[in-house]
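Novice: Please find one structure pasted underneath; my questions will follow.
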Amino acid sequence: MTEHISFETCRPVEDHARQVMAWRNDATTLAMSYHHAPKQWDGFAAEFRDGYFGQEDDPPPAFALVGGQRVAFLRFQRIAHPHGLAGNCVEISINVAPEQRGRGLGARILAAALIDLTGRGIDSVYAEVRRENAASRKAFAAAGFTALGEAEKHVADTGEHCLIDRFLAELTPSHWRRGGVYVIAEAGSNWRMGTPKRDLAMARALIDVAVEAGADAVKFQTYRPDTVYVANSGESDYLAEAGIKEDIRSIFADLAMPYDMVPKLADYCRQRGIHFLSTPFSPDDFAAIDPYVAVHKIASYEISHIHLLRLAALSGKPLVLSCGAAGEDDIAWAIDTYHRFGGRDLCLTQCTAKYPAPPSSLNLKTIATLKRRFGVAVGLSDHSRDPSLAPVMAVALGARVIEKHFTLDNRLPGPDHSFAITPVELTGMVRAIRAAEQAAGDGIKRVLPEERELAAFARRGLQALRDITPGDVLLEGRDFAILRPGKQSLGLHPRHLAEVEGKRARRAIAAGSGLAVDDIEA
């Protein structure tokens, strides 16, 4: 029976630090590390406390457990994706306890860690292994990582150049993390004007608006009433409240797009440089649109349509699946079905099945929940009237797809015009989404290029209060203080205060200058 692997969160306490240091100082580990010198407790305690624990949302370091016994240590550091993909990427390192090596635990621990990281909202996991570390290379490959090939690494603080092998595991579909957020301008049924000529003209006008707004795709809907609702389905309450008091099948019959209109719109989209999409509602609808779309979209109410899920999977094309009026069990079944038929690049969009949806009903935090729960790309299909509030918040929560209904005029007749946004609002929404993408950044906390000037000018350091001569005993308040340097050199971080206090100056230090490590006698 295979032993169960679990994880214990590592904490910045002495017991955990000493365990990590002991494994780190093992001779084999040192030989395979970038830094070959054994760690000393006084220095490592501070390094562990200050360097091993990232931001609040970062995966904490962890011990892998087998039978309740610690058998390995894993550390995670947030990094930019090696290929520039969006999302949360971490670098993983693993150190198996010396007495546990040779049991094949490394690969099993890494595989279990990938599952755990998926549940924490991580999209990609990267690793580097010294070329001579054959055991680790084998473990990463066996755990499902993809080899990226050999590279040379320069270890800045030692000056060493060494050969490494790089590995990468993608935990969420990479398709949806290339480029920017995919913005779908949903034309829906708003193309319908009453005659074939006017219908085509309106559809093209909607495509033009989507292009001018900067959307990535414009989406229509393709259906037949007899393959959507039962014959005696009756009226829709929400449409009746809006003044459209007609049997739903009659409404669908009036708004059904002729199949021969699909290639015309697809060709016009191609000419205008925008993706053509259309939501199918039956296998026949799917067959009509499949030759013309690069991405499929399945509507919220079709999440249980096994035939559409199967066809989308077999098409080999990416799929956007809306989740309005669905619970986690419904979503889990749909994902399992899609994957069972070979589907890969799936994006779930949070959606509130209300037209318009009040802001209080949007439940945008579900976006992050769906990502963690199902390990797929996520987005928002937004039915609220506000053009930018929900899309911008969704981007901040990790959305990779935004879909929004639009119209030429809210006063036009039809079920989807009243809650759709206008051309000006669509343009503003796309701009706001692009600005939100830039503002979101990559999640790695560091001093940015834009901050470097003031970081050097205004951050506090240990600065000389007077001209100091070699041999002077350094005392805070008399010889130096914790001050901002301005145009002078920035001194040691104040965390080194105890190491400086009472020590002698090794060289002359001008008033205002920062105290450096080499200025202080050991």
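The values are calculated or read from the model by the stated rules, or taken from the named source; none is laboratory data. Values in this document were obtained by computation on a predicted structure and should not be read as measured data. Cβ placement follows ideal geometry from the backbone for every residue including glycine, while neighbour counts extend to all protein chains displayed. What goes into the accessible areas is simple: the full protein's heavy atoms, side chains included, and nothing from ligands, DNA or RNA. Shrake-Rupley method; radii C 1.70, N 1.55, O 1.52, S 1.80 Å.
Novice: Are any residues in the range 59-68 open to solvent by 20 Å² or more (accessible area, probe 1.4 Å) and either assigned to a loop (DSSP other than H, G, I, E, B) or at pLDDT below 95 (or both), and if so, which ones?
Specialist: Within the range 59-68, P60, G67, G68 qualify.
Novice: Restricting attention to the range 432-464, report how many residues are under 27 Å from the mean Cα position of the chain (by Cα) and not in a helix (DSSP H, G or I).
Specialist: Within the range 432-464, residues that are under 27 Å from the mean Cα position of the chain (by Cα) and not in a helix (DSSP H, G or I) number 8.
Novice: So V129 ticks every box in (1) among the hydrophobic types (A, V, I, L, M, F, W, C); (2) closer than 13 Å to A72 by Cα; (3) buried (at least 19 other Cβ atoms within 10 Å of the Cβ) but one. Which box is left unticked?
Specialist: It fails just one condition, (2).
Novice: Among the residues of the range 498-522 satisfying the criterion of being of a type in the set (K, R) and within 16 Å of R478 (Cβ to Cβ), which is surrounded by the most Cβ atoms within 10 Å (Cβ to Cβ)?
Specialist: Ranking the qualifying residues of the range 498-522, first place goes to K503.
Novice: Out of the residues in the range 175-188 that are open to solvent by less than 10 Å² (accessible area, probe 1.4 Å) and touching a helix residue (DSSP H, G or I) at 6+ places or on another chain (Cβ under 7 Å), state the one that is nearest to H83 (Cα to Cα).
Specialist: If we take residues in the range 175-188 being open to solvent by less than 10 Å² (accessible area, probe 1.4 Å) and touching a helix residue (DSSP H, G or I) at 6+ places or on another chain (Cβ under 7 Å), then V181 is nearest to H83 (Cα to Cα).
Novice: Please go through the range 199-228 and give me each residue that is among the polar types (S, T, N, Q), open to solvent by 10 Å² or more (accessible area, probe 1.4 Å) and either part of a loop (DSSP other than H, G, I, E, B) or modelled with pLDDT of 95 or more (or both), ordered by number.
Specialist: Q221 - this is the single residue of the range 199-228 that is among the polar types (S, T, N, Q), open to solvent by 10 Å² or more (accessible area, probe 1.4 Å) and either part of a loop (DSSP other than H, G, I, E, B) or modelled with pLDDT of 95 or more (or both).
Novice: Restricting attention to the range 288-311, report how many residues are without any contact (Cβ under 8 Å) to a residue 40 or more places away in the chain, assigned to a helix (DSSP H, G or I) and within 24 Å of the chain's Cα centre (by Cα).
Specialist: The qualifying residues number 0.
Novice: Which number in (1) touching an Asp or Glu at 6+ places or on another chain (Cβ under 8 Å); (2) of a type in the set (D, E, K, R); (3) buried (at least 18 other Cβ atoms within 10 Å of the Cβ) marks the one condition that R272 misses?
Specialist: (3)
Novice: Right, another one. Name, by its number, the condition in (1) in contact (Cβ under 8 Å) with a residue 60 or more places away in the chain; (2) charged (D, E, K, R); (3) closer than 27 Å to R344 by Cα that does not hold for D123.
Specialist: (1)
Novice: Please verify whether the range 307-326 includes one or more residues that are surrounded by fewer than 18 Cβ atoms within 10 Å (Cβ to Cβ) and in contact with a Pro (Cβ under 6 Å, 6 or more places away or on another chain).
Specialist: Scanning the range 307-326 turns up at least one residue that is surrounded by fewer than 18 Cβ atoms within 10 Å (Cβ to Cβ) and in contact with a Pro (Cβ under 6 Å, 6 or more places away or on another chain).
Novice: Which fully enclosed strands (runs of 3 or more DSSP E) of the range 328-431 have 2 or more residues being surrounded by fewer than 23 Cβ atoms within 10 Å (Cβ to Cβ) and among the β-branched types (V, I, T)?
Specialist: In the range 328-431, there are no strands (runs of 3 or more DSSP E) which contain 2 or more residues that are surrounded by fewer than 23 Cβ atoms within 10 Å (Cβ to Cβ) and among the β-branched types (V, I, T).
Novice: Mind telling me which of the residues D382, D416 ends up being modelled with pLDDT under 95 and closer than 28 Å to I244 by Cα?
Specialist: Of D382, D416, the one residue that is modelled with pLDDT under 95 and closer than 28 Å to I244 by Cα is D416.
Here's the yes/no breakdown for (1) of a type in the set (A, V, I, L, M); (2) touching a Ser or Thr at 6+ places or on another chain (Cβ under 8 Å):
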{"position": "M193", "(1), (2)": "yes, no"}
{"position": "R204", "(1), (2)": "no, no"}
{"position": "R224", "(1), (2)": "no, yes"}
{"position": "E235", "(1), (2)": "no, no"}
{"position": "S282", "(1), (2)": "no, yes"}
{"position": "P291", "(1), (2)": "no, no"}
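Quick grid of which residues meet (1) modelled with pLDDT under 95; (2) assigned to a strand (DSSP E or B):
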{"site": "A113", "(1), (2)": "no, no"}
{"site": "L117", "(1), (2)": "no, no"}
{"site": "V125", "(1), (2)": "no, yes"}
{"site": "E128", "(1), (2)": "no, yes"}
{"site": "F140", "(1), (2)": "no, no"}
{"site": "A147", "(1), (2)": "no, yes"}
{"site": "A156", "(1), (2)": "yes, no"}
{"site": "G159", "(1), (2)": "yes, no"}
{"site": "L163", "(1), (2)": "yes, yes"}
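Novice: Additional query: Sort out which residues of the range 144-169 are open to solvent by less than 30 Å² (accessible area, probe 1.4 Å) and either farther than 16 Å from N133 by Cβ or touching a Leu at 6+ places or on another chain (Cβ under 7 Å) (or both), and write them in order of number.
Specialist: F145, F167, L168, A169
Novice: Further question on the same structure: Output the number of residues of the range 82-111 satisfying the condition of being closer than 23 Å to C162 by Cβ, open to solvent by 20 Å² or more (accessible area, probe 1.4 Å) and not in a strand (DSSP E or B).
Specialist: Of the residues in the range 82-111, 4 are closer than 23 Å to C162 by Cβ, open to solvent by 20 Å² or more (accessible area, probe 1.4 Å) and not in a strand (DSSP E or B).
Novice: Here's a follow-up. If you check T172 against the conditions, is it of a type in the set (S, T, Y), open to solvent by less than 20 Å² (accessible area, probe 1.4 Å) and either closer than 26 Å to A439 by Cα or under 27 Å from the mean Cα position of the chain (by Cα) (or both)?
Specialist: yes
Novice: Within the range 251-268, take every residue that is modelled with pLDDT of 95 or more and aromatic (F, W, Y) and give me the one that is most open to solvent (accessible area, probe 1.4 Å).
Specialist: Y259
Novice: Then there is this: Please specify each residue of the range 18-58 satisfying the condition of being open to solvent by 30 Å² or more (accessible area, probe 1.4 Å), assigned to a loop (DSSP other than H, G, I, E, B) and modelled with pLDDT under 90.
Specialist: The answer is M32, Y34, H35, H36, A37, F53, G54, Q55, E56, D57.
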